[in-house]
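Here's the structure we're looking at; comments come further down.
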Amino acid sequence: MTENAKGFFGPFGGQFVPEPLIAALNDVDAAFQACKTDEVFQAEFARLLQEVVGRPSPLYFAKRLTEQVGGAKIYLKREDLNHTGAHKINNTLAQAMLAKAMGKTHLIAETGAGQHGVATATAAALMGLECSIYQGAEDVRRQKLNVFRMELLGAKVVPVTIGQQTLSEAIDVAIGAWIEDLDRSFYLLGSVCGPHPYPEMVMYFQGIIGREARAQILEKEGRLPDLLIAAVGGGSNAGGLFKPMIDDADVKIIGVEAGGRGDDLGDNAAALTFGKEGVLHGAKSYVLQDEAGETVPPHSISAGLDYPAVGPEHAYWKDTGRVKYTTISDHEALDAFGLLCRTEGIIPALESAHAVAEAIRTAPTMGKDEIIIVNLSGRGDKDCAEVARLAEAGV
């Protein structure tokens, strides 16, 4: 295993990967760095964000939710209104463009809830690329609608049947498939985790969320928000909202992890809250581990948060104290899911429902003249069957 000096956030990040991947990662990094100053690339990306994704996404004042909860005004950054139904498309279009620029013909991706998978399949179809998406068999069961959508878009969905059969194992197998096919394949990672340059690259492309939200709240309220809230699994939707305002010292920030069934290892997916420093999937960060240092399978009602680690920049923000990280239980997320449906007519993804639950908990402790922005990272069509199943089971 090799540690590269690139891509660290304090002690976190790096490239802890098998030697064959170093050259491939460096090629991806070179293409990414070049795209930042490539006017043709940036113009085409801007066009796709507008014409395909539908950006800018609205910043919506949740008036009835605010009245129901009391306290601070709650605004929702409506990433659920993006094409494909989540924030993931912001990043997949850009990485697919990089893949084409590098002469690659095949995209490889992992997915948990399926939103990254659908977004990757969409980008592949748009750009005429082959596409293989690895998804844990348990997530295939929980997210049948998104599996159908991926296949409808022309992707090959590969169920992963090892371990807990969720996102962590899907990443393991996807990286292995990439190593076997480096010449023609591009690994399109969906979150701000993994080896350099992926944490930096995904954060850069998802930063459109926070840049828009910053400009929109200044236009609507004439000032920056008092608080940002977003759910944290790997950390891409949260990072996208937080990063453009991370240097605004008066803006408080809360990242919300999946508290699952409780605080014991194996009952949650809260690596920043209950994890220890370790290396997983090529980067040093906080990882859910037992006393022997073995990765502990996580649990969350939300397939998109069901991951035993977190992006390294989030680990850095935790250690510096810039961002506060909290947990929301499965039951709290389900309650918030229902309340947003009933008050605003919006069905949120279960991932996003964790962030909404934190807003419901925090807003009453704040003044009526204070402002919260919640990243509504995705829509909940994909989760309705699972929520119905849980309701029937009395969960």
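Give me the pairs, please: first residue somewhere in region 178-194 and on the phi < 0 side of the Ramachandran plot and touching a residue at least 24 places away in the same chain (Cβ under 8 Å), second residue anywhere and open to solvent by 10 Å² or more (accessible area, probe 1.4 Å) and among the polar types (S, T, N, Q), beta-carbon distance under 6 Å, and either six or more positions apart or on two chains.
Once the first residue is on the phi < 0 side of the Ramachandran plot and touching a residue at least 24 places away in the same chain (Cβ under 8 Å) and sits in region 178-194, its partners that are open to solvent by 10 Å² or more (accessible area, probe 1.4 Å) and among the polar types (S, T, N, Q) give Arg184/Thr105.
Could you say whether any residue in region 289-297 is in contact with a Pro (Cβ under 7 Å, 6 or more places away or on another chain) and not in a loop (DSSP other than H, G, I, E, B)?
Yes.
Among the residues of region 247-291, count how many are farther than 20 Å from Asp319 by Cβ and open to solvent by 60 Å² or more (accessible area, probe 1.4 Å).
Qualifying residue count, region 247-291: 6.
Within region 214-244, count every residue that is more than 19 Å from Leu272 (Cβ to Cβ), out of contact with any Leu (no Cβ under 6 Å at 6 or more places or on another chain) and crowded, with 16+ Cβ neighbours inside 10 Å.
6
What number of residues within region 361-385 satisfy the criterion of being β-branched (Val, Ile, Thr), buried (at least 24 other Cβ atoms within 10 Å of the Cβ) and part of a helix (DSSP H, G or I)?
Residues in region 361-385 being β-branched (Val, Ile, Thr), buried (at least 24 other Cβ atoms within 10 Å of the Cβ) and part of a helix (DSSP H, G or I): 0 in total.
Output the residues belonging to region 365-395 that are more than 28 Å from Ala119 (Cβ to Cβ) and of a type in the set (D, E, K, R).
Selection gives Lys368, Asp369, Glu370, Glu392.
Restricting the first residue to region 72-92 and requiring it to be aromatic (Phe, Trp, Tyr), which pairs with a second residue that is buried (at least 24 other Cβ atoms within 10 Å of the Cβ) meet a Cβ separation below 9 Å and a spacing of at least six or different chains?
Taking only residues 6 or more apart or on different chains, the pairs are Tyr75/Ala213; Tyr75/Pro225; Tyr75/Ile372; Tyr75/Ile373; Tyr75/Val374.
Within region 160-175, how many residues turn out to be open to solvent by 30 Å² or more (accessible area, probe 1.4 Å) and out of contact with any Lys or Arg (no Cβ under 9 Å at 6 or more places or on another chain)?
Looking only at that region, the number is 7.
Inspect all residues belonging to region 306-319 and state whether any of them is more than 25 Å from Ile175 (Cβ to Cβ), surrounded by fewer than 24 Cβ atoms within 10 Å (Cβ to Cβ) and in contact (Cβ under 8 Å) with a residue 12 or more places away in the chain.
Scanning region 306-319 turns up at least one residue that is more than 25 Å from Ile175 (Cβ to Cβ), surrounded by fewer than 24 Cβ atoms within 10 Å (Cβ to Cβ) and in contact (Cβ under 8 Å) with a residue 12 or more places away in the chain.
Going through Arg223, Arg214, Arg184, Arg261 one at a time, which residue ends up being of a type outside the set (Val, Ile, Thr) and touching a Gly at 6+ places or on another chain (Cβ under 9 Å)?
Exactly one residue qualifies, and that residue is Arg184.
Just name the residue that is nearest to Phe186 (Cα to Cα) out of those in region 132-150 that are touching a residue at least 24 places away in the same chain (Cβ under 8 Å) and surrounded by fewer than 19 Cβ atoms within 10 Å (Cβ to Cβ).
Checking each candidate, the answer is Ala137.
Taking the criterion of being open to solvent by 40 Å² or more (accessible area, probe 1.4 Å), touching a residue at least 24 places away in the same chain (Cβ under 8 Å), farther than 28 Å from Leu390 by Cβ and out of contact with any Ser or Thr (no Cβ under 7 Å at 6 or more places or on another chain), would at least one residue in region 347-358 satisfy it?
Among the residues of region 347-358, not one is open to solvent by 40 Å² or more (accessible area, probe 1.4 Å), touching a residue at least 24 places away in the same chain (Cβ under 8 Å), farther than 28 Å from Leu390 by Cβ and out of contact with any Ser or Thr (no Cβ under 7 Å at 6 or more places or on another chain), which makes the answer no.
The values are calculated or read from the model by the stated rules, or taken from the named source; none is laboratory data. Remember, it's a predicted structure, so these values are computed and weren't measured experimentally. Every residue, glycine as well, gets a Cβ built from its backbone with ideal geometry; the counts of neighbours run over all protein chains shown. To get the accessible areas, we keep the full protein, side chains included, count just its heavy atoms, and leave off ligands, DNA and RNA. Shrake-Rupley method; radii C 1.70, N 1.55, O 1.52, S 1.80 Å.
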